[in-house]
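Student: Sending over a structure as structure tokens; questions will come in a sec.
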Amino acid sequence: MTSANAADLDIAGAFHPAPDQGCPAGTGTLLLLAPREPQFWPAFTESPEYRDGAPDPMDRWSARVIGALAHDLGAKALFPFGGAPFHPFYSWALASGRAWASPVRLLVHDTAGLFISYRGALALPGRLKIPTPTATTPCKTCVQKPCLTACPIGALGPDGYDVPSCRAHIAGNAGRECIQGGCLTRRACPISARHGRLPEQSAFHMRAFQ
Ligand code: B12
Ligand code: SF4
Ligand code: SF4
């Protein structure tokens, strides 16, 4: 969709939701939007939201840009942030057929790998023709599965995510590598590594998470 691309976003997945999939009533098609890399970060850092120094610049950028797209397309904009109850983005990602649960539970996406992060979604009233996803989970053929061992403290592993341990680690000196370049587990995935996300963008998210 060229209007998404013009906004430095990509359609990272789409599906025709069933009534029980948490979409607004009457949704015919749900489009999941993610940063278009590598141009997203330079474009975002030029935006008024990044420059005004107020809190949550990326969420405010997403609300403005995706809100405008929704207005132009007669769609409803939905966001992964904004407080509980959250829209079920993880489940929507699985429904798109372009993202899967990785061995560490984080989503792994066909082109973004473990770096997948959605900025929002568009709920359209009509049933758009969408390509049938052809990819299968890359984890099947990833022999070494580096995501399972990359976290130096084992906070992300086969048993899921130990959030307090991760937060404690990145608060100290030993966690500087995670803070400055992004989560080592997410970076270890060969698909993430090919994706083109800039380390500055990961550092921005890690500071927000911290
Ligand atoms: C709460 C939340 C967190 C919490 C708690 C997460 C936890 N305990 O696992 C905290 C703040 C810790 C967190 C951290 C991060 N999160 Co978060 N988070 C969310 C959020 C806002 C809500 C999740 C939720 O409750 N949904 C409602 C439930 C009912 O719906 P559902 O998501 O479909 O439910 C499924 C999942 O919960 C899943 N599930 C169950 N157990 C686990 C455990 C893990 C580890 C995961 C990933 C999923 C998962 O199973 C459910 C059924 O399918 C979602 C966005 C969203 N709206 O969903 C992002 C989301 C899951 N997070 C995301 C991201 C990017 C992150 C960070 C990487 C942010 C960052 N630093 O850049 C960090 C991780 C830190 C790191 N090591 O890098 C992405 C997904 C990334 C991925 N590849 O999987 C999402 C989808 C947001 C987005 N913008 O795309 N997050
Ligand atoms: S490192 Fe391999 S096993 Fe882990 S998420 Fe990436 S492709 Fe899947
Ligand atoms: S951010 Fe660092 S400590 Fe936290 S899960 Fe990732 S690699 Fe482990």
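The values are calculated or read from the model by the stated rules, or taken from the named source; none is laboratory data. Since this is a predicted model, take the numbers as computed values, not measurements. Glycine gets a Cβ as well: all are built from the backbone with ideal geometry, and neighbour counts include every protein chain shown.
Student: Taking the condition more than 20 Å from the chain's Cα centre (by Cα) and more than 12 Å from ligand 1 (Cβ to nearest atom), does Glu177 pass?
Tutor: Against the criterion (more than 20 Å from the chain's Cα centre (by Cα) and more than 12 Å from ligand 1 (Cβ to nearest atom)), Glu177 qualifies.
Student: A further question follows. Would you list the strands (runs of 3 or more DSSP E) that sit entirely within the range 99-194 and hold 3 or more residues that are surrounded by 14 or more Cβ atoms within 10 Å (Cβ to Cβ) and within 14 Å of ligand 2 (Cβ to nearest atom)?
Tutor: 99-101, 107-109
Student: Do we have any residue at all in the range 74-93 that's at pLDDT 95 or above, of a type outside the set (Lys, Arg) and touching a Lys or Arg at 6+ places or on another chain (Cβ under 6 Å)?
Tutor: Checked the range 74-93: no residue is at pLDDT 95 or above, of a type outside the set (Lys, Arg) and touching a Lys or Arg at 6+ places or on another chain (Cβ under 6 Å).
Student: Then there's this: Being of a type outside the set (S, T, N, Q) and within 12 Å of ligand 3 (Cβ to nearest atom) is the requirement here; does Ala188 meet it?
Tutor: So Ala188 fits the description; yes.
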